[in-house]
1. For residues in the stretch B:339-350 being at pLDDT 90 or above and closer than 27 Å to B:Leu101 by Cβ, which is surrounded by the most Cβ atoms within 10 Å (Cβ to Cβ)?
2. Within the stretch B:154-190, track down each residue that is without any contact (Cβ under 8 Å) to a residue 40 or more places away in the chain, charged (D, E, K, R) and part of a strand (DSSP E or B).
3. Just name the residue that is surrounded by the fewest Cβ atoms within 10 Å (Cβ to Cβ) out of those in the stretch A:46-65 that are in contact (Cβ under 8 Å) with a residue 40 or more places away in the chain and of a type in the set (A, V, I, L, M, F, W, C).
4. Which residue pairs have Cβ atoms under 8 Å apart, sit 6 or more places apart or on different chains, and have a first residue in the stretch B:263-287 that is at positive phi and a second that is of a type in the set (D, E, K, R)?
5. Anything in the stretch A:86-130 that is more than 10 Å from every other protein chain (Cβ to nearest Cβ), farther than 21 Å from B:Met329 by Cα and either among the polar types (S, T, N, Q) or not in a helix (DSSP H, G or I) (or both)? List them, or say none.
6. Considering only the stretch B:191-211, how many residues are in contact with a Cys (Cβ under 8 Å, 6 or more places away or on another chain) and either of a type outside the set (A, V, I, L, M) or without any contact (Cβ under 8 Å) to a residue 24 or more places away in the chain (or both)?
7. Can you say whether B:Asn4 is more than 19 Å from the chain's Cα centre (by Cα), modelled with pLDDT under 80 and more than 14 Å from chain A (Cβ to nearest Cβ), as far as the supplied structure shows?
8. Which one of the conditions (1) surrounded by fewer than 18 Cβ atoms within 10 Å (Cβ to Cβ); (2) of a type in the set (Gly, Ala, Ser); (3) part of a loop (DSSP other than H, G, I, E, B) does B:Ala336 fail to meet, given that it meets all the rest?
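The values are calculated or read from the model by the stated rules, or taken from the named source; none is laboratory data. None of these values were measured; they are calculated from a predicted model. Note: ideal-geometry Cβ built from the backbone for every residue, glycine included; neighbour counts use all protein chains shown.
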Amino acid sequence: MMKSYIWLQTADGSIQQVEQEVAMFCPMICHEVIQKGMGSSKNYAISLPQRVNPAMLSLILDYCRFHQVPGRSNKERKSFDEKFIRMDTKRLCELTSAADSLQLKPLVDLTSRALARIIEGKSPEEIREIFHLPDDLTEEEKLEPLKNTTDDPRIRLLNRLYAKKRKELKERQKLKVTVSCFCFYFLTLRLKKSVLMIVQLMISCHLLMETMEILKG
Amino acid sequence: MWSNLPFDVLAKIFSFLSPDSLARARSTCRHWNACVDTYPIATSFILLSLHHRAWFLALPTRNRGEHCYVHNPVIDNWHLLSLDFLPDPVRPVASIGALILVRPTNCTVLQLALCNPFTRQFRYLPMSNISRTNPAVGVVTLDSVQHGPNPNFRVYVAGGMSEAPRGGAMYELKLEMYDSMDDTWHVVGFVPTEFAVRLTVWTPNESVYSNGVLYWMTSARAYSVMGYEIDGHRWRGFGVPMADKLEFAALLCRNGGLTLVGGASEGEACIWELKEGDRWGLIQKVPMEMGRKLLGGKRSWVSIKCVGSEEAIYLYKELGSGMVVWREMEEKARWAWFWIEGCHSIGGNQVPNLPIKGVFLRPNLFPFTF
């Protein structure tokens, strides 16, 4: 009996054929074949979403190849899943994204939980390091009170802490403005050069210390 | 940025996080910040807990009052919770949603209290009208989960010994009920002497409520079941398969029906369901391999315990021995067997292999107002 194959094309232009039962495990591919009649030959290869590059496609097909076999026990499936998600965080993110674009819900679920386990219990700095996230929030935005619709005591505590830090931040900023005004005043008075230099030095030192404090906090 | 995941995928990942982890994720970068703010419901842990599985809470039976351990079934890991907010060491009686009904162990007379180990809230219930020792306690949860995070409930106290009018002690025949809606105890009926004696002498571990009847099972063999039909005020008793051979037995509610789990020496552990006419039908057997793994080389089921929620049955031993689970799958009406690894370490610190008592919780962080 001739095996049926489905033709798939990834965003980089490369085309490959995949066993039908494996490819059809992905709802998005299933839809293209049944509703639009695509995938039957090289010329009519199914264009996969951009998020699915050849490496991710290979991983996803491995997953499908294993799970589409009906006779497997839950123990076998769970064991496979546990080994399958052992990869670095970057790949896990790419895989989640690719699986989502192919509407492969069980795989999205599996990888999402794995990523949640990675995030759980870590500080924002640690999370930024692991996920290579930019530190692009201002101090105020980081300290914004959190919506606490359920009156969660832990969030209440966090918000109180943030309010305190926001207050401290405001005080320092007020001080900065006062010091710069003072500096300007001195300059306009045209004091003796040496005195002016000392004052400027003192002010710039103070400003430097302020900046250090804010960066630390 | 390679990890610029689309919002809806990110929201799904966030929905598995606890509230404070979500707060920290929110303050990492602009993209994640915007996601949490755009999808407040989807990322809400609270909503998740309403639809997801109950968590297994392991209370050490010795060294009470220090810590307890809780297993998150969503991401399959263990957490340590401090119990230092408890004024006295306690023993669990029943779970009511996110709360546990407990009994302080240093008190011979029955005293009950409610606590939420996640929010560290604790409150004694008022004392019952009649002071008694060793009674059976039954709990009925009234509202369904949709009505709010902490449903109303009723506690029934039956049997036990109270002070006789002319000194000494006597078996207490009055049945009392605590209603959370008015925070008071009422005498609602009577217990026939034979049941009162059995409930006192064999003080049952848990009660199970199913189809309008509150059931208790004797705490040792030969096992037998007593049922109190609440609306009709009727008591009845019936037997249990292999009543004198079972080395452990537990009564629980599965899919609304009364279920019995028990294991006999040298044999397999079985699950029975109560059918018409108070007869038991065998519905499952614990897979041999998993049973053996749990027993850890021993042949006797004596140290095994069992606890159930509506959608899962857990067989366990000690904190580190692992658990055999029979659980309802995502597609309803299909149940499957799983193994859950025991708790050996948390956050890098080793955890002793303590004997535990398990209880199910649906954790939430809402303060209770009972």
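1. Applying the filter and picking the extreme gives B:Cys343.
2. Hits for the stretch B:154-190 are B:Arg154, B:Glu163, B:Asp179.
3. Among those that are in contact (Cβ under 8 Å) with a residue 40 or more places away in the chain and of a type in the set (A, V, I, L, M, F, W, C), it is A:Leu61.
4. From residues that are at positive phi, the pairs are B:Glu266/B:Arg299; B:Asp278/B:Arg236.
5. A:Arg86, A:Met87, A:Asp88, A:Leu102
6. Filtering the stretch B:191-211 for residues in contact with a Cys (Cβ under 8 Å, 6 or more places away or on another chain) gives B:208-210.
Now narrow it down to the ones that are either of a type outside the set (A, V, I, L, M) or without any contact (Cβ under 8 Å) to a residue 24 or more places away in the chain (or both): B:209-210.
Number of matching residues: 2.
7. On the way: more than 19 Å from the chain's Cα centre (by Cα): yes; modelled with pLDDT under 80: yes; more than 14 Å from chain A (Cβ to nearest Cβ): no.
In short, no.
8. If we test B:Ala336 against (1) surrounded by fewer than 18 Cβ atoms within 10 Å (Cβ to Cβ); (2) of a type in the set (Gly, Ala, Ser); (3) part of a loop (DSSP other than H, G, I, E, B), just (3) comes out false.
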